[in-house]
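I have a structure here, written as structure tokens, and I will follow up with some questions on it.
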Amino acid sequence: MTLPWRARVFLWGVVAVGVGTLPLWWYAWSGPLPSGTNALALMAALGVLAVVAINFPLLVAPDVKKSVTDAIYFADLLLFGAPAAIALAGICHLVGGIILVLRHGTHARPTVSIVFNAGQYMLAVAASAAVYYALLPQTVPAALDRVENLWALPAAAAVFVVVNTGAVACMLALYRGGNPLRTWLTARRADALHFVGLMSLGVVTAVSGVHYPWAPLALALPAAMLQLSLERTVRMVRQAEELAKREAEAAALRNLDRMKDDLISTISHELRTPLTVIHGYASRLRRSAQSMDADGVEQTAERILAGSTQLGRLISDLLDYSRAARGELEVQSDAFDLVALVQELLPGFQLRAGERLACELPKQVEVSGDRGRVGQILGNLVDNAAKYAPHGPIVLRVAVQGNAVRVEVQDRGPGVPAADVGLESTAGEGACFWFELPTPTVVEEPATEQTPVLFPAPQVLIPSSSPQAAFAGQQRVATA
């Protein structure tokens with residue numbers, strides 16, 4: 001980890017001041033030093049517990065870990081006095097950091113981080129000791145039964161939290177190039193809980209340690225085992241979530257492959273129809289050109305032209321759909337006679353609908369929209385009706401409704417759910433797809449009788465294996 005020069009200066013400054021507080025407190029300490037078997041045993045137990053806490057912080061949330069080292073160092077201060085507590089903080093953090101690196105490598109805790117944390121905790125303990133022993137006599141263990149502790153303990157704990165977290169905030173700000181005060185204030189939401197936990201747990205540890213020196217050590221092994229169990233549980237949960245995510249992605253890819261295969265199959269079928277017409281009539285013309293009269297040649301040529309026109313429209317429709325999916329489809333808005341457009345397209349619908357298609361049209365209806373796109377949608381609706389209702393009648397209806405013209409394609413097929421926009425359907429009785437266009441001017445006469453269609457040519461704007469999906473694509477193009 002490469003640190004900016006300001007961060008390096010601050011790091012070694014904290015370490016120097018933290019280490020320097022040890023001889024200063026050693027010289028200023030007037031109370032007794034810890035001695036005796038019980039005191040040394042308790043010191044060793046708390047040291048081991050601190051090392052365990054560094055390597056196995058408590059998992060309070062899947063991505064949040066909390067260490068109890070603060071409370072242990074605060075208990076050291078109350079039990080053994082300032083010099084011993086400062087020394088223990090530095091030694092335990094160095095040993096704990098080295099063990100952590102041996103377990104997980106330097107990526108888990110860089111060397112500079114270990115050194116900085118040791119100096120940071122030594123400085124926090126020294127500052128806390130300065131506040132506490134300014135209010136109480138320097139004794140070992142601390143005089144916890146005196147009334148001055150009511151304000152001495154909270155003041156010392158507050159100084160410990162501020163110095164400890166402030167050093168970390170300054171280091172992070174210098175490393176990332178931010179404002180130290182803003183960094184510290186942003187991360188201080190849990191300081192009240194941290195402060196209460198530090199003071200209460202430190203005092204409890206100190207009081208229990210006086211009577212049961214090995215009690216802290218007895219907590220170390222269960223704490224480590226609990227932490228390992230929690231980490232294993234979190235790891236298993238994350239692995240299960242990752243597996244579920246991969247399975248969902250694999251299912252989506254399989255569905256995409258299936259849709260791609262369906263699309264290729266549908267496109268192949270739709271392209272084959274006009275190609276078959278073109279090939280068939282071209283072969284007929286080649287074989288019988290000498291014996292055919294002028295009308296036969298003209299009729300055959302018209303069939304070939306209709307097939308090629310249909311093929312060109314299919315390719316154009318596919319390109320339009322690709323542009324619509326990218327949001328690049330351009331739509332014009334001009335006035336045109338909708339009835340004239342329908343009559344122009346009627347010969348193109350026979351390949352699919354044949355004589356089953358009937359029209360209910362006024363004599364003339366002028367609308368505003370993109371004439372080419374409207375023709376594409378009409379062709380697609382008729383094509384889908386012929387495909388999904390292959391045996392019943394199909395009605396193409398144009399009706400004026402107020403300031404709009406409603407265009408409907410109704411069949412007698414199996415029907416689809418009636419919740420879709422632009423759809424009226426009853427299960428088992430067929431479906432009626434419709435769309436509306438604005439009318440700049442309308443000249444309407446009574447509807448003529450139903451006129452059977454004699455000439456066809458389907459257009460497939462969006463090949464689809466279901467009427468719902470096909471209609472959804474039509475609506476996107478219509479409203480583009």
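The values are calculated or read from the model by the stated rules, or taken from the named source; none is laboratory data. Everything quoted here is computed from the prediction, not taken from an experiment. In this analysis, Cβ positions are derived from the backbone assuming ideal geometry, glycine residues included, and neighbour counts consider all displayed protein chains.
Please work out which one of (1) closer than 23 Å to ARG303 by Cα; (2) at pLDDT below 85 is the condition LEU329 fails and give its number.
(1)
Just to check your reading of the model, which residue among ALA71, ALA45 is in a helix (DSSP H, G or I), of a type outside the set (Phe, Trp, Tyr), modelled with pLDDT under 85 and farther than 18 Å from VAL125 by Cα?
Unique residue meeting the criteria: ALA45.
Ok, one more. Restricting attention to the range 334-344, does a residue exist that is in contact (Cβ under 8 Å) with a residue 60 or more places away in the chain and exposed (fewer than 15 other Cβ atoms within 10 Å of the Cβ)?
The answer is yes, given that some residue of the range 334-344 is in contact (Cβ under 8 Å) with a residue 60 or more places away in the chain and exposed (fewer than 15 other Cβ atoms within 10 Å of the Cβ).
Just checking, does the range 432-446 include any residue being exposed (fewer than 14 other Cβ atoms within 10 Å of the Cβ), modelled with pLDDT under 65, in a loop (DSSP other than H, G, I, E, B) and touching a Lys or Arg at 6+ places or on another chain (Cβ under 6 Å)?
Scanning the range 432-446 turns up at least one residue that is exposed (fewer than 14 other Cβ atoms within 10 Å of the Cβ), modelled with pLDDT under 65, in a loop (DSSP other than H, G, I, E, B) and touching a Lys or Arg at 6+ places or on another chain (Cβ under 6 Å).
If I filter the range 67-79 for residues that are within 43 Å of the chain's Cα centre (by Cα), buried (at least 16 other Cβ atoms within 10 Å of the Cβ) and over 20 Å from ALA167 (Cα atoms), do I get at least one hit?
no
Follow-up. Out of (1) surrounded by 14 or more Cβ atoms within 10 Å (Cβ to Cβ); (2) more than 16 Å from ASP383 (Cα to Cα); (3) at pLDDT below 85, the odd one out for VAL367 is which?
All conditions pass for VAL367, except number (3).
So, in the range 379-401, of the ones that are part of a helix (DSSP H, G or I) and farther than 17 Å from ALA324 by Cβ, which residue ends up nearest to the chain's Cα centre (by Cα)?
Result: ASN384.
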